[in-house]
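Each remark here refers to the structure printed beneath this line.
The values are calculated or read from the model by the stated rules, or taken from the named source; none is laboratory data. All of these numbers come straight from a predicted model, not from anything done at the bench. When we count neighbours, we look across all protein chains shown, and the Cβ atoms used for this are built from the backbone with ideal geometry, even at glycine. Just the protein is used for accessible areas: all its heavy atoms, side chains included, with ligands, DNA and RNA removed. Shrake-Rupley method; radii C 1.70, N 1.55, O 1.52, S 1.80 Å.
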Amino acid sequence: MRIRTENLGGATAWILHRPHPSVQGLVRQLSVIGLQVREAWPELPAEALNADFIFYDADTGHDEQFPWNAGHSAMPMIALIGSEVPGRLKWAMDMGAHAQLLKPVSDKGVYAALLVARSNFDQAKASSALIADLEHRLSARQTIVQAVMISMMKGKTEAEAYDLLRQVAMAWQVTIETAAERIVANHSPERGAQNGRRIDLA
């Protein structure tokens with residue numbers, strides 16, 4: 001795992017925790033590192049959506065405090081853990097913790113938590129993007145097969161059907177995937193009933 005270690009100065013961190021001495025060390029250390037610190041309780045304001053980091057209380061927190069669904073934050077999340085009750089730890093992980101700090105937070109470990117959280121967040125984003133791309137490619141291939149089958153049902157051989165699909169894509173000046181999507185959509189029973197017309201691939 002590669003960790004980006006460039007200067008964090010100027011980044012914004014929100015701390016979602018009730019006012020308590022257990023987080024004073026965190027506020028102090030974040031300021032020393034150079035982050036702009038904002039505090040909120042009992043919920044994050046809309047402006048927190050632009051934050052670079054979110055620290056949140058794992059002991060008394062709940063889903064409704066966040067303006068996004070669990071596990072779908074737009075920034076690295078760091079859980080502040082005081083209790084190791086299994087249910088609270090599970091909730092903290094479900095919320096999408098990319099790192100954690102034990103309370104009371106001392107002057108040590110904050111910088112490392114920031115770097116680890118950001119690295120884990122970046123890795124999760126890259127994995128999600130890869131999965132989405134693979135799913136899109138798989139869907140596109142399935143659509144191409146469907147478009148080819150439409151031509152084959154009209155008497156074309158498999159080779160002729162693929163060649164016809166390429167010709168249609170060139171004529172429409174679109175990718176083969178886009179051409180296949182249009183062909184399949186225009187040959188679905190629902191679409192045909194609505195339009196009263198179909199694309200002729202004979």
Worksheet item: In the stretch 47-54, is there at least one residue being touching a residue at least 40 places away in the same chain (Cβ under 8 Å), under 17 Å from D94 (Cβ atoms) and open to solvent by less than 20 Å² (accessible area, probe 1.4 Å)?
Response: yes
Worksheet item: Do we have D59 as within 18 Å of V105 (Cα to Cα) and without any contact (Cβ under 8 Å) to a residue 60 or more places away in the chain here?
Response: yes
Worksheet item: Mind checking which pairs have a first residue in the stretch 75-97 that is open to solvent by less than 20 Å² (accessible area, probe 1.4 Å) and assigned to a loop (DSSP other than H, G, I, E, B) and a second that is among the acidic types (D, E) and modelled with pLDDT of 95 or more, Cβ under 8 Å, 6 or more apart or different chains?
Response: M75/D52; P76/D52
Worksheet entry | First in the stretch 153-169 and in contact (Cβ under 8 Å) with a residue 12 or more places away in the chain and closer than 10 Å to I183 by Cβ, second anywhere and open to solvent by 60 Å² or more (accessible area, probe 1.4 Å) and not in a helix (DSSP H, G or I), Cβ under 9 Å, 6 or more apart | L164/K156
Fill in: Where F121 falls short, out of the listed (1) assigned to a helix (DSSP H, G or I); (2) farther than 30 Å from I33 by Cβ; (3) of a type outside the set (S, T, Y)
(2)
Worksheet entry | Scope the stretch 124-144; condition farther than 30 Å from V32 by Cβ and surrounded by 11 or more Cβ atoms within 10 Å (Cβ to Cβ); matching residues | S128, H136, R137, S139, A140, R141, Q142, T143, I144
Item to complete: Among the residues of the stretch 118-163, write down those that are closer than 30 Å to I78 by Cα, basic (K, R) and at pLDDT below 85.
Response: K125
Fill in: Only one of Q123, Q173 that is under 25 Å from F53 (Cβ atoms) and not assigned by the TED database to the domain that holds S31
Q123
Response to the item:
Counting only residues in the stretch 7-19 that are more than 23 Å from the chain's Cα centre (by Cα) and more than 12 Å from Y111 (Cβ to Cβ), the one modelled with the highest pLDDT is identified as H17
